[in-house]
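Nothing in this text is a laboratory measurement; each read-out follows from the coordinates by a stated rule. Because the structure is predicted, anything quoted here is derived from the model rather than measured. Because the Cβ atoms are built from the backbone with ideal geometry, glycine has one as well, and the counts that use them run over all protein chains shown.
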Amino acid sequence: MMYRCGWGAKAGQETVLAVEITRNGFEWALRHACLSSYAREVHPDRATWQRQLKRAPTRVQWDPERDLHLHLHPMPYRSLQLGLAGEAAGRYADEWTVAIRDVTPLAHKIQGLVSGGDLDSAARLLPQERPYPIEDDLLAHLCG
């Protein structure tokens, strides 16, 4: 996610935070989410999707993931991007958040290594990512 804010260099996005939330909170957000765009294989029709979207306190979009070369080498999977509003935003701030760390210096260091062509060193500094263990039925309304 650090590269999406330009490694902390985009205007208005100069601070990069790592936010840890509870599993219960994350799964509540997924259960109450709607896809941010209409998907024929998920929604019966556009009108139903639009009604669901208006009511949903969370929105999901599946973004193509990239390696450190970014636009040159897309990964063979997508990552979930979750947007929060209304009740979900309040719960996030008041109940779910358990830790917040400023990782801006780390983002700058990784970006410097990437810019300098030292991708191996940059990759070693990235947070460990692994698939999130989840029940299939929790994502059924978000996958086509």
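Structure values in brief
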| quantity | calculated |
| --- | --- |
| Total formal charge among the other residues, if their Cβ is under 15 angstrom from that of ILE100, Lys/Arg +1 and Asp/Glu -1 | -3 |
| Sequence of GLU95, GLU129 once ranked by neighbouring C-beta atoms within 10 Å, starting from the fewest | GLU129, GLU95 |
| THR104, THR48 arranged by Cβ crowding within 10 Å, fewest neighbours leading | THR48, THR104 |
| Sequence of GLU41, GLU14 once ranked by neighbouring C-beta atoms within 10 Å, starting from the fewest | GLU41, GLU14 |
